[in-house]
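Chemist: This is the structure, below, for whatever I ask next.
Laboratory data are not the source of any read-out in this text; all were calculated from the coordinates shown. Please read all numbers here as calculations on a predicted model, not as lab measurements. Positions of Cβ are backbone-derived with ideal geometry, glycine not excepted, and every protein chain shown enters the neighbour counts.
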Amino acid sequence: METFDTQLFGIAKGIKQGDFNIPDIGDVVPAALMLQELKGLQPIGCSYMNKWGCERLGTCVEEINELGDTYYDQYFVKEEKAASFEGIGNYLAAGDFDKQYNFFQRVKLYSHTNYTWFYTVCKLLKIKTDAGFTEKLVLLSSPVMGLDNLVARVNKTLNQDTYIRTNYRKFALLTNREKEIISLLANGRSTKDIAEQLFLSPHTVSTHRKNLIQKIKCHSFAELLRFAMAFDLV
């Protein structure tokens, strides 16, 4: 996200120097660009959102301000909203115009059933006006394609770690022969195939299978396969 952060820094610099204004930028960036009015470094309302952002949310600046706090309940995840509010609040309280605050959030887009992940960068600006300088907060939010899959993979890994911790003692008690048989079973080999490959009698293999079921508590092929995959036996 370094390029995105750098882009906002350049935007902030250009606005401060008067090279361009917020609507100029909003017309060209493929992201939601919002300008929040501040009073004493506290947000008091939205004064601008570009067309891209309004279309994605199916709303406009007037409706956003009319909604008030309901705006956040309508478009964002409650728990994530609280965390981002705290982060933005701390950032504004610091009042450091050289820094910016970045965070991920999920947004309910217009006509969408599921949430979409966005990466948001906030930057505190001093904008020159006829009366002098005034502070404003600019937020640039871009959808992060593929983040849902990344989160799913992370959750899967965490679940896998939990499964391994829960079942490691069972794995540790297995003999090398039993691990070998689990590997063959997970690869779809029959009792006859295993007996021939390991030079054992079918009766011996069947006995091993019964013992394995007792040890690892896997009573279906799906459970056996999950166990084998978790402990790199397949």
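Chemist: Which far-off residues, 5 or more places away or on another chain, put their amide H under 5 Å from the one on Val77, with H placed in the peptide plane?
Modeler: For Val77, whose amide H was placed from the backbone, the distant partners under 5 Å are Arg106.
Chemist: Whose amide H sits under 5 Å from the amide H of Tyr48, counting only residues 5 or more places off or on another chain, with H placed in the peptide plane?
Modeler: For Tyr48, whose amide H was placed from the backbone, the distant partners under 5 Å are Leu35.
Chemist: Please compute the net charge surrounding Asn50, taking Lys and Arg as +1 and Asp and Glu as -1 over other residues with Cβ under 11 Å from its Cβ. Write out the running numbers ahead of the final one.
Modeler: Values: positive: Lys51, Arg56; negative: Asp24, Asp27, Glu55.
The answer is -1.
Chemist: Ok, one more. Using DSSP to define loop residues, name the trypsin sites (Lys or Arg not before Pro) in the range 177-234 whose beta-carbon has at most 12 other beta-carbon atoms within 10 Å.
Modeler: On the way: sites: Arg177, Lys179, Arg189, Lys192, Arg209, Lys210, Lys215, Lys217, Arg226; in loops: Arg189, Lys217.
Filter output for the range 177-234: Lys217.
Chemist: In whole Hz, what ³J(HN,Hα) sequence does the range 64-70 give by Karplus (6.51, -1.76, 1.60; θ = phi - 60°), x for Gly and Pro?
Modeler: After applying 6.51 cos²θ - 1.76 cosθ + 1.60, I find 4, 5, 5, 5, x, 5, 4 Hz.
Chemist: So how many Lys-Lys pairs in the range 153-230 land under 19 Å Cα to Cα, not counting same-chain pairs under 8 apart?
Modeler: Step by step, the pairs that qualify in the range 153-230 add up to 9.
Chemist: Once fully extended, how much extra length lies between Asp232 and Lys81, figured as 0.36 nm per residue of separation less the alpha-carbon to alpha-carbon distance? Mind dumping the intermediate values first?
Modeler: On the way: separation 151, 0.36 × 151 = 54.36 nm, distance 3.97 nm.
Taking 0.36 nm per residue and subtracting the Cα distance, the gain is 50.4 nm.
Chemist: Simple spin-label model, 7 Å along Cα-to-Cβ: Phe221 to Asn90 in nm?
Modeler: 5.2
Chemist: In a shell of Cβ-Cβ distance under 12 Å around Pro30, excluding Pro30 itself, what net charge do Lys and Arg (+1) and Asp and Glu (-1) give? The partial results should precede the final answer.
Modeler: Numbers: positive: Lys51, Arg56; negative: Asp27, Glu55.
Once all neighbours under 12 Å are counted, the net charge is 0.
Chemist: Sticking with this structure for a sec: For the range 32-83, what are the per-bin percents of Cα-Cα distances with bins 10 Å wide, up to the bin holding the maximum?
Modeler: Histogram of Cα-Cα distances, whole percents per bin: 23, 55, 21, 0.
Chemist: Once you've got the Cα coordinates, tell me which of Lys81/Lys108; Lys99/Lys126; Lys78/Lys123; Lys39/Lys126; Lys51/Lys81 are over 19 Å apart. Numbers along the way, then the final one.
Modeler: Numbers: Lys81/Lys108 12 Å; Lys99/Lys126 13 Å; Lys78/Lys123 23 Å; Lys39/Lys126 13 Å; Lys51/Lys81 23 Å.
Where the Cα-Cα span goes over 19 Å, the pairs concerned are Lys78/Lys123; Lys51/Lys81.
Chemist: Rounded to the nearest 0.05, what FRET efficiency is calculated for Ile213 and Gln74 with R0 set to 45 Å and r the Cβ-Cβ distance?
Modeler: Details: r = 52 Å, r/R0 = 1.15.
Computed FRET efficiency for Ile213 and Gln74 comes out at 0.30.
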